[in-house]
1. Here's a check for you: in the stretch 67-93, which residue that is in contact (Cβ under 8 Å) with a residue 24 or more places away in the chain and exposed (fewer than 13 other Cβ atoms within 10 Å of the Cβ) is nearest to the chain's Cα centre (by Cα)?
2. I'd like the residue in the stretch 93-117 that is farther than 23 Å from residue 172 by Cα, touching a helix residue (DSSP H, G or I) at 6+ places or on another chain (Cβ under 8 Å) and part of a loop (DSSP other than H, G, I, E, B) and, out of all such residues, is modelled with the lowest pLDDT.
3. How many residues are over 16 Å from residue 36 (Cα atoms) and loosely packed, with under 14 Cβ neighbours inside 10 Å if we restrict to the stretch 159-189?
4. Check residue 150 against each of (1) touching a strand residue (DSSP E or B) at 6+ places or on another chain (Cβ under 7 Å); (2) under 30 Å from residue 7 (Cα atoms) and name the one condition it does not meet.
5. Using the structure shown, decide if residue 4 is farther than 28 Å from residue 176 by Cα, surrounded by 15 or more Cβ atoms within 10 Å (Cβ to Cβ) and modelled with pLDDT of 95 or more.
6. Which of the strands (runs of 3 or more DSSP E) found entirely inside the stretch 118-223 contain at least 2 residues meeting this: at pLDDT 90 or above and within 22 Å of residue 82 (Cα to Cα)?
7. Could you tell me how many of the residues in the stretch 27-45 are in contact with a helix residue (DSSP H, G or I) (Cβ under 8 Å, 6 or more places away or on another chain) and farther than 19 Å from residue 162 by Cβ?
8. Under 6 Å between Cβ atoms, at least 6 apart or on separate chains: pull out the pairs that start in the stretch 123-140 with a residue that is at positive phi and free of Cβ contacts under 8 Å to residues at least 12 places away in the same chain and end on any residue that is surrounded by 13 or more Cβ atoms within 10 Å (Cβ to Cβ) and in a helix (DSSP H, G or I).
């Protein structure tokens with residue numbers, strides 16, 4: 001799925017209180033790309049991810065998925081588009097504590113009134129090494145296992161693109177490295193487009209294409 005952002009800006013407030021969180025960012029994301037966007041805290045990287053994924057709307061600019069301007073969608077249409085076409089992985093695992101790992105994974109499908117494909121569910125949980133932990137509640141899992149459950153949840157609707165916002169931020173170095181290796185394997189083996197937001201240069205350098213954002217200004221850097 002070809003994604004193109006043109007001159008995306010996000011401005012909060014007005015007058016002397018005006019803050020430009022993102023300043024005319026443009027980029028093209030091709031099918032199967034592995035992209036990292038790196039920047040310090042407050043640089044605008046999470047704002048950019050929210051705009052690229054349709055979680056927020058820009059002050060100005062255009063974002064197209066396969067030639068369709070997703071900001072022209074109604075809120076309901078945009079919500080459905082995100083559920084069906086985009087997977088999200090966040091620093092906070094955002095698992096529901098009263099649901100088992102399996103129930104957390106299939107929740108996006110149930111919200112869309114669909115039943116999981118058992119064979120596909122087995123495939124992704126085996127790939128992520130959590131096939132034996134599906135009946136456990138989140139508090140019974142390690143941080144790394146919880147993030148793998150969150151990744152499986154991001155994959156369950158078979159999206160074309162995965163957006164990951166600081167996916168290793170709450171993990172120790174060993175678990176973080178394992179999660180990154182799994183995300184890379186998924187990107188290659190399942191032919192997914194992967195966009196990772198990070199403040200860690202070691203993670204950013206793993207991507208095929210690297211971007212830097214500072215004070216809301218986005219630039220592509222040599223890999």
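1. The selected residue is 92.
2. This residue is 112.
3. Here is the first cut: in the stretch 159-189, the residues over 16 Å from residue 36 (Cα atoms) are 159-160, 170-175, 178, 189.
If we keep only those that are loosely packed, with under 14 Cβ neighbours inside 10 Å too, we end up with 172-174, 189.
Residues meeting the conditions: 4.
4. It is condition (2) that residue 150 fails.
5. Values: farther than 28 Å from residue 176 by Cα: yes; surrounded by 15 or more Cβ atoms within 10 Å (Cβ to Cβ): yes; modelled with pLDDT of 95 or more: yes.
Answer is yes for this residue.
6. Details: elements: 161-165, 193-198, 209-214, 217-221.
By residue number, 161-165, 193-198.
7. Adding up the residues that qualify gives 1.
8. Correct list of pairs: empty, since none qualify.
The values are calculated or read from the model by the stated rules, or taken from the named source; none is laboratory data. Everything numeric here is computed off the predicted structure, so don't read it as measured data. When we count neighbours, we look across all protein chains shown, and the Cβ atoms used for this are built from the backbone with ideal geometry, even at glycine.
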